[in-house]
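Okay, so here's the structure we're looking at.
The values are calculated or read from the model by the stated rules, or taken from the named source; none is laboratory data. Nothing here was measured: the structure is a model prediction, and the numbers come from that model. All Cβ positions, glycine included, derive from the backbone under ideal geometry; neighbour counts span all protein chains shown.
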Amino acid sequence: MFWVSLGIVLVCAMGALDYVTGPELSLSFFYLVPITIITLGTDWRYGILAAIACAGIWLTVDIYDGVTYTHPLVPYWNALIRLGFFLIVVFFIRVNDKLQSEVVMARTDFVTGVYNTRYFHELAQTEIERSARYNHELTIVFIDIDNFKTVNDMFGHLEGDRALSTVAARLRDSLRKTDIIARVGGDEFAILMPETGADVVQIIMTKLQNNLLTEMRRHKWPITLSIGALTFNKVPDSADEMLNMADQLMYTVKNNGKNDIHYAVYPGYEVSGRRFDQRNLSLFK
């Protein structure tokens, strides 16, 4: 209601100003201010009402100003033209809002609200190019939800979606705004952490894993987390390559009992007892 109240005040103020300045000065542009504020702050329907109000006030001011026209219907015609102009502005604001909403939906996973795989690849490629240019470290974290199928089988798919949404919410709450979170598979998440080295990642991920496991136990979900955190001192050429390497690292956790974190630095690392072979990017002990 704040935006509606502000809009009403501005509409009345514009009417008063229009009356004081007389018919010689046109204030049509300034009438768009309350219309735009109300439309953006509330809903396009209120924007239409604001447009009607502004056109009506303008007509009223014209009548009380005593402007003489060649025909008595001229001021009403002018009011309709002004109303049409105002409604066009409301229409374009609404179209722009819908386009922005479509852009957000195209980039977002509809279950969890985090980014989807396609947009994550776009952002990852941008970060790869930026890291290569400025020689910054870049870390990618690959998370697989252990026993997710069990949750679906025991509690149903709606509860499974709730578990995914809870994981995504905890990721958002625990990470920095500069970190990029995406759902990249049915029960898999990826995190891109720009300008983040291996030492910092271990601190962040240890805390994050504890928070997530506490949340899973609170909901009585039999979920644990297999996590691979790979820091690049030299970034690969593509987002696909980077994601595949992190995926391989995560699978070393899956193959060794799940519910753990493996850290690594590329190229030439020796963390968690494993490292990447730089010739074929495969993992070996």
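A few notes on this one:
- Selected residue (only one of 15, 56 is surrounded by 14 or more Cβ atoms within 10 Å (Cβ to Cβ), in a helix (DSSP H, G or I) and modelled with pLDDT of 70 or more): 56
- Those residues of segment 160-192 which are acidic (Asp, Glu) and free of Cβ contacts under 8 Å to residues at least 40 places away in the same chain, in sequence order: 173, 179
Yes/no per residue for (1) more than 18 Å from residue 124 (Cβ to Cβ); (2) in contact with a Cys (Cβ under 9 Å, 6 or more places away or on another chain); (3) at pLDDT 90 or above:
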| site | (1), (2), (3) |
| --- | --- |
| 183 | no, no, yes |
| 186 | yes, no, no |
| 195 | no, no, yes |
| 201 | no, no, yes |
| 223 | yes, no, yes |
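- Qualifying residue in segment 171-178 (condition: assigned by TED's automatic domain parsing to the domain that holds residue 129, part of a helix (DSSP H, G or I) and crowded, with 19+ Cβ neighbours inside 10 Å): yes
- For the criterion of being of a type in the set (Gly, Ala, Ser) and in contact with a Gly (Cβ under 8 Å, 6 or more places away or on another chain), residue 264 passes.
- Residue in segment 214-223 that is farthest from residue 150 (Cα to Cα), counting only those that are part of a helix (DSSP H, G or I) and without any contact (Cβ under 8 Å) to a residue 40 or more places away in the chain: 214
- Residue within segment 238-245 that is outside any helix (DSSP H, G or I), among the aliphatic types (A, V, I, L, M) and at pLDDT 90 or above present: no
- Boolean, residue 208 is assigned to a helix (DSSP H, G or I), surrounded by 13 or more Cβ atoms within 10 Å (Cβ to Cβ) and free of Cβ contacts under 8 Å to residues at least 40 places away in the same chain: yes
- Residue list for segment 131-170, restricted to those being assigned to a strand (DSSP E or B) and out of contact with any strand residue (DSSP E or B) (no Cβ under 8 Å at 6 or more places or on another chain): none
- Segment 104-153, subset in contact (Cβ under 8 Å) with a residue 60 or more places away in the chain, more than 27 Å from residue 197 (Cα to Cα) and not hydrophobic (A, V, I, L, M, F, W, C), residue surrounded by the fewest Cβ atoms within 10 Å (Cβ to Cβ): 150
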